[in-house]
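J.: There's a structure below that I have some questions on.
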Amino acid sequence: AEGDTKRAQAWTKHAEVLKRALESTAWDGEWYRRGSFDDGTPLGSRSSQECKIDSIAQSWSVLSGEGDPA
């Protein structure tokens with residue numbers, strides 16, 4: 001809208017990279033992980049005791065409109 005096509009294209013490309021990264025690393029097959037502990041153990045995954053289903057991690061896909069509906 002501001003006529004800065006080059007910058008808009010760069011940010012659009014970056015957003016796609018981030019979306020692919022989130023889907024490939026944050027999604028555990030049932031829901032989005034909340035984070036990880038220092039040792040790399042997932043926090044808020046289907047196998048976690050803590051934050052098993054965390055609203056913040058789950059809500060981003062709906063609120064942003066970028067999550068995969070499937």
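J.: List the residue pairs whose Cβ atoms are under 7 Å apart, where the first residue sits in the stretch 5-19 and is closer than 15 Å to Glu66 by Cα and assigned to a helix (DSSP H, G or I), the second is modelled with pLDDT under 95 and not hydroxyl-bearing (Ser, Thr, Tyr), and the two are 6 or more positions apart or on different chains.
T.: Lys19/Glu66
J.: How many residues does the stretch 51-67 contain that are in contact (Cβ under 8 Å) with a residue 12 or more places away in the chain and more than 10 Å from the chain's Cα centre (by Cα)?
T.: Total meeting the criteria: 4.
J.: Next question. Which pairs turn up if I take residues in the stretch 22-42 that are free of Cβ contacts under 8 Å to residues at least 24 places away in the same chain and look for partners that are in a strand (DSSP E or B) and among the small types (Gly, Ala, Ser) with beta carbon separation below 7 Å, at least 6 apart in sequence or on another chain?
T.: Going by the 7 Å Cβ cut-off, the qualifying pairs are Pro42/Ser36.
Okay, residues lined up against (1) surrounded by 11 or more Cβ atoms within 10 Å (Cβ to Cβ); (2) modelled with pLDDT under 85; (3) in contact with a Cys (Cβ under 8 Å, 6 or more places away or on another chain):
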{"position": "Gln9", "(1), (2), (3)": "no, no, no"}
{"position": "Arg33", "(1), (2), (3)": "yes, no, no"}
{"position": "Gly44", "(1), (2), (3)": "yes, yes, yes"}
{"position": "Cys51", "(1), (2), (3)": "yes, yes, no"}
{"position": "Ser55", "(1), (2), (3)": "no, yes, no"}
{"position": "Ser61", "(1), (2), (3)": "yes, yes, no"}
{"position": "Pro69", "(1), (2), (3)": "no, yes, no"}
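The values are calculated or read from the model by the stated rules, or taken from the named source; none is laboratory data. Worth saying up front: this structure is predicted, and the values here are computed from it rather than measured. A quick note on method: Cβ atoms are made from the backbone with ideal geometry, for glycine too, and the neighbour counts reach across all protein chains shown.
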